[in-house]
Structures are given as structure tokens and as C-alpha cells.
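One structure is given below, encoded as C-alpha cells.
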Amino acid sequence: MQLRLLPLVALAALVSGGLAPEGRRVRVPPQTAGAVKSMTAQIATIVKGFRGLMGVAAIDLRTGETIAIDADTRFPTASTIKTAVMIEAWQQAVDGRLPMETKIALRDSDKVGGSGILRGMGEGLSLTVADLVHLMIVLSDNTATNILVARLGTARVNARLESYGLTNSKLFRPTFRDGRADVLPELEREFGLGMSTPREMAKLMALIAEGKAVNRQASEAMLATLRRQQDRAMIPRHLPGDVQVGNKTGTDEEKHAGPDGIKRHVRADAAIVTGKDISCVIAIYARQIEDTRWTVDNDALVTGAKVSRMIVDGFASRK
């Protein structure tokens, strides 16, 4: 039995808008530069009132202007670190080490819980690397993630991040393997699957948006995959219908309970937002969230959606 998904390169060809123009920046007049400072202050007020810890980073890819609130704080990534796994998969495909057409048979021993569909598929299902990347990003499939991490190598994923200057972004292990880290066990005990900062994840998304992750063709394919993301509960939630969003989300709970015995929650989203008057990246991370509901009405998702709309409206207003 073989599951066939549309090849990622073909998906890229179907996506309108494409990547951000490489190396082109619009000069920001002094009178408009203050608008970003004002917007940052407004967002900081919202973040300060959030019941938990939240960090925000955004980059206007047309001007290079940034918004940063607690942007250098390290957060658990939850599944947003899967974007780094996708980048390493494309790098190894381009290098010829693990071509996207490589077929891998699903084993019952590969299956883990949580998000995704492969845990419900039969043993022996034939999947290509491209299929696994698609499932890992679009459905956040944990089984697909683990199969890829086993083939790619945790250390290689981290070395790729370091090559891009992202020294606070790490993958520690496959999913559903708490306490059994491949690398840096002391950090895994706090952060779980992975660790990053809002600023670094925004930079990683910018590399894809500007065609600098692996190469331009690979970046186009990765952007196409991100745009097929099914979880739209945070950054894309309240954005105008005429923009395109490619994003990767993360949902988890803290690895350790607080003094009251409650494990508070973790939420994250990192996105590339493009449209006629907008080209930006946004990364929002939250931890120690007091609202422990698993629903789309969780306070972190609602707050993150509000902040995202403010950022997009603010950047787009200076066209």
C-alpha cells in the first residue's frame, strides 16, 4: 500500500505570490519609523497583561523593521521546531544524501500518539520523504516527525540551525520521548521537544521567505508546504482574507508542574505573511499559560491572534 501526496516542488508552482524579493529593502521615512515604536509599545502592554509569559518577534521583510517583546527569551518550541526538521530534510535532499523520492515503509514500532494520521495507518505503508515532510508540517504528524528525525539525525538538525546563526534554537529528541534526549538532556528536561526564541524563529521563517533556506527552489517548496498548514488558530486567525499565511504551530504543556501541582500550558506559532501590501514574518511564543484549556479559545491563541492582526495592519499601513 502506498500513500501518494502531491510533490512539494509541484505545490510550490501552484502558490501565487512566491518568495519575498531577495535583498530589497524600502527606505523608511523618519516620520513613519515612529509608528513601529508606537505599535511595539501597544503590543507590549497586551503582552504584559497576558496570564503567562509571552514573547513576540516580527520582521517587515520590505523595510527590515522589527518588533520585539521578550524576543530573546528561550521558550519551549513544541511542534514549531518541526520547521527546522523540514529544512534539514531539504538540505539532505539537495545534497543527495536523502532524496525526497526515497521510500520508507511505515512500521508499527514507529507509531506514537498525539497529532497526525500515520498512527492509524497499516504497517508497511510506503511513504516518500516528501510525504513525511508534508504530514509533519501540514498535520503536525508526530510519527512522520520521528521517522524523519531518525533518518536525518538530531545533531544534524541542530548543526543546520547553528550554520544560520541560530544558537538558541535546538531540537532535543523525537516526539513522545520525554526525558530521553538525544542531546543536551539538562535543557530537554525543561523545554521538552525543542527550544528557541521568538527572534530566532522569526529569522528562520525569514530565511524561507527570502529564498535563503537551503536554496531558492527548496524555500519555495517549504513555503508551499507551510501554506497548507491546517492549524490556523493563532497568527492567521483574524488576518484579512486577501493575505497568504504559511505557518507552523505548537501545542504542549510544561514538563513540570508549578508549586500548585498544575502543569501550565505552552503555545506557539511562527508564520510568513504575504499579500499586496504586506510581506512579514511573525513568531509568537507563550509558556506558563494559566489557561489550561486545549480548545481554540485558549487565552494564548486569542491574545496571539490579536497581536498578529495589529502587526499585519501596522506593517501594511506603511505601503
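Here the condition is being exposed (fewer than 15 other Cβ atoms within 10 Å of the Cβ) and among the charged types (D, E, K, R); of ARG264, ARG287, ARG293, it holds for ARG293 alone.
Being in a loop (DSSP other than H, G, I, E, B) and either modelled with pLDDT of 95 or more or surrounded by fewer than 16 Cβ atoms within 10 Å (Cβ to Cβ) (or both) is a property that VAL47 lacks. When ALA209, ALA257 are screened for being among the hydrophobic types (A, V, I, L, M, F, W, C), more than 12 Å from the chain's Cα centre (by Cα) and under 29 Å from ASP313 (Cα atoms), only ALA209 passes. Taking the conditions (1) crowded, with 20+ Cβ neighbours inside 10 Å; (2) more than 27 Å from ARG232 (Cβ to Cβ); (3) hydrophobic (A, V, I, L, M, F, W, C); (4) free of Cβ contacts under 8 Å to residues at least 40 places away in the same chain in turn, ALA159 satisfies each one other than (1). In segment 42-71, the residues that are over 26 Å from GLY275 (Cα atoms) reach residues that are polar (S, T, N, Q) with C-beta atoms within less than 6 angstrom, at least six apart or across chains, in these pairs: PHE50/THR303; GLY52/GLN288; LEU53/GLN288.
Select from segment 188-202 the residues that are more than 11 Å from LYS170 (Cβ to Cβ) and within 11 Å of the chain's Cα centre (by Cα) and write down the one among them that is surrounded by the fewest Cβ atoms within 10 Å (Cβ to Cβ). Among residues in segment 188-202 that are more than 11 Å from LYS170 (Cβ to Cβ) and within 11 Å of the chain's Cα centre (by Cα), the one surrounded by the fewest Cβ atoms within 10 Å (Cβ to Cβ) is ALA202.
Among the listed residues ILE278, ILE284, which satisfies the condition of being out of contact with any Phe, Trp or Tyr (no Cβ under 8 Å at 6 or more places or on another chain) and aliphatic (A, V, I, L, M)? Working first, answer last.
On the way: ILE278 fails: out of contact with any Phe, Trp or Tyr (no Cβ under 8 Å at 6 or more places or on another chain).
Every option except ILE284 fails the conditions.
Of all residues in segment 205-217, count the ones that are assigned to a helix (DSSP H, G or I) and surrounded by fewer than 24 Cβ atoms within 10 Å (Cβ to Cβ). Looking only at that region, the number is 4.
Could you say which residue among ALA33, ALA41, ALA84 is touching a Ser or Thr at 6+ places or on another chain (Cβ under 7 Å) and at pLDDT 60 or above?
Sole residue among the options that is touching a Ser or Thr at 6+ places or on another chain (Cβ under 7 Å) and at pLDDT 60 or above: ALA84.
Residue check: ALA181 meets all listed conditions (1) under 19 Å from the mean Cα position of the chain (by Cα); (2) among the aliphatic types (A, V, I, L, M); (3) farther than 18 Å from THR251 by Cβ but one, namely (1).
One line per residue, one yes/no per condition, for (1) closer than 20 Å to MET205 by Cα; (2) assigned to a helix (DSSP H, G or I); (3) touching a His at 6+ places or on another chain (Cβ under 9 Å):
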| residue | (1), (2), (3) |
| --- | --- |
| TYR285 | yes, no, no |
| THR292 | no, no, yes |
| VAL302 | no, yes, no |
| MET310 | yes, yes, no |
| ASP313 | yes, yes, no |
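When only residues in segment 236-261 that are buried (at least 17 other Cβ atoms within 10 Å of the Cβ) and free of Cβ contacts under 8 Å to residues at least 60 places away in the same chain count, which is farthest from ALA58 (Cα to Cα)? The extreme case among them is GLU253. The residue of segment 32-52 that is nearest to THR73 (Cα to Cα), among those that are polar (S, T, N, Q) and more than 23 Å from the chain's Cα centre (by Cα), is THR45.
The selection criterion, being under 30 Å from ALA35 (Cα atoms), among the basic types (Lys, Arg) and crowded, with 20+ Cβ neighbours inside 10 Å, does not hold for ARG309. Output yes when any residue across segment 103-126 is closer than 23 Å to LYS203 by Cα and outside any helix (DSSP H, G or I), and no when none is. So far as segment 103-126 goes, no, none of its residues is closer than 23 Å to LYS203 by Cα and outside any helix (DSSP H, G or I).
Of the helices (runs of 4 or more DSSP H) lying entirely inside segment 139-192, those carrying at least 1 residues that are more than 26 Å from ALA93 (Cα to Cα) are 185-191.
The values are calculated or read from the model by the stated rules, or taken from the named source; none is laboratory data. Note that this is a predicted model, so its numbers are computed, not measured. Cβ atoms come from the backbone with ideal geometry, glycine included; neighbour counts cover every protein chain shown.
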